[in-house]
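Participant: First, the structure itself, so that you have it in front of you.
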Amino acid sequence: MARPRRPFSRFAKDTDGGVAIIGAFAAILFVILAALAIDLGSMVLKARHVQGAADLASLAAARDLPRAPAAALSTAQANLGSDITVVTTTGTYVGDAAIPVGQRFTVGGSSINAAKVRITGKAPLFFARIIGYHDVTITREAIAALPGAKPSAMFSIGSRLLSLNRGVLNMILGGLLGSSVNLNVMDYNTLVGTKVNLLEFFDALAVKLNVEAGDYDALLAHDVTTGQVLDVLRLIADDDERAVLGAITGSRLSVPIKVGDLLGVNADAKDGLRRALNLDVAALDLLIASLETANGNRQLALNGDINAILADVTVMVAIGERPNQSSWLTVSSGGTPVLTTAQTRVFVKAETKNLVPQLLHVDLQAFAEVASAEAKISSIQCGANRSVDVQARPGVARVTIGRVTNPGDLKDFTRKINTEQLTLAEVLLIPIKLYANVESKDRNWQTLRFNQSEITEQSPKTVRSQELVGSLLNNLTKDIKLSIGGLELGWVVNLLGPLLTPIGYLVDMIINPLLRILGIGLGEADVRVLGINCPGGVGGIPYLVG
């Protein structure tokens, strides 16, 4: 007798309805996935709302640090309702790239400038309620800071245009541009009197370079040409100033420079630059600084003739690079960076005219070499009596009256310029030979204190060598060697005073103006403090920093 077939076996072998079964299982899976997506979407949406509220709450707290907890709570509840927990902590934020991001904010401190807000809320769940979960906890935090955890100041070294000499300025500007420049004194007075707001200038420069406005980190890392700098100056200038700037052209306007080489900072740019840049500088200072920076280590050499009343004068100027890629001006909280001027060499050859050559003929050569002057901020005092102390020291200076034996090496700063005795004059056909050399060696830091009014007026202060003071002629005649017909006759120097004085005065009127235009002097350096920023408890524009 045949055994009856089991129902399960018949079911397993039955292929009818397979698609329906797969569809049923797939529907269940789709429902589960949809439930997860809805609940996950709810969590993500809530997290975004909480993060946005934390950002706004931290900004509100940083704007009113004395009432930070109340300001943060009010802002958070206005965005999320009352069913949240808000914890606010104030402290110090230092935007230093050398410090890991997670360690830049510290609780408390003597100069509180930031607020950290942590918000905890609940995201509702829908399908997870089937298994007993009604919501999930979401926690987000944000940090906002006012610019500058430490007091900071903007300062510069150089830019000492005490007087304007059209011929010398045209020669300097033309050499920097690589073209002929023929501006008059009125034009230069216009550029000196034109004040450029640095915040407006750098914001306009960012727009021209397609950099997000206010992102000074990106701007400082960006390349710009000197032509673009000039374009932005024209854009923000008035009509008279725009006309003068429009007359400046040159082959070097296409030379790229890094914005950070023009403006230096020792901290995160977004954290302090906006407030620091809200000050004015002379348009001519900004223009010359840009052109000098563009020349960089190409070590520019300038040649020119100056037609003076007493003599025909030939001038050669060599401008080296600023050591350590020093910028023109910088924002610093003290110690670093150290600003430096460019190395400079000036060679002047003066030959008398309008005199009887058979009776008296004078041929004088003067060489001046100035190493880089340096300056750094040593301390910043906030409070009722704000002040800034700057330590500065002039560059080592060498001044020689004598024949330069290797003038072709003037622009090669790796080579020493050699000098020797020269025939200064012939009196009744008798040669008079002269040699003098003065060098300053003191390199001690000197402290310059700027009070609030001097900072507001951007008044310059000069640090001077203790060994090289007074006029060039006075210093040189202290150590002069004079010979007539091969005989050393030091006592004749006093008798030749009337002969030396006009030429010495002439050299003073040429070498010193040249150096002043380049921002330096013989044994001198001019320093300006352009602005001071002190951390404040109320007000200011805070930024999200973490």
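Participant: Could the peptides 437-443, 104-110 be put in order, highest first, of the mean number of other beta-carbon atoms found within 10 Å of their residues?
Facilitator: Working: 437-443: 16.1, 104-110: 14.0.
Taking the mean over residues of other Cβ atoms within 10 Å, the ranking is 437-443, 104-110.
Participant: Let me ask something else about it. Which parts of segment 222-263 would a label at ASP215 reach, counting a residue when its backbone N lies under 12 Å from a point 7 Å out along Cα-to-Cβ?
Facilitator: It comes to 222, nothing else.
Participant: Using only Cα atoms, figure out Rg for segment 94-140 and give it as a multiple of 2.2 N^0.38 Å.
Facilitator: Details: Rg = 18.5 Å, N = 47, 2.2 N^0.38 = 9.5 Å.
Taking the Cα Rg and dividing by 2.2 N^0.38 Å, one obtains 1.95.
FYI, it's all coordinate maths here, none of it is from the lab. The shown structure was predicted, so the numbers you read here are calculated from the model rather than taken from an experiment. Note that each Cβ is placed from the backbone with ideal geometry, even for glycine, and that neighbours are counted across all protein chains shown.
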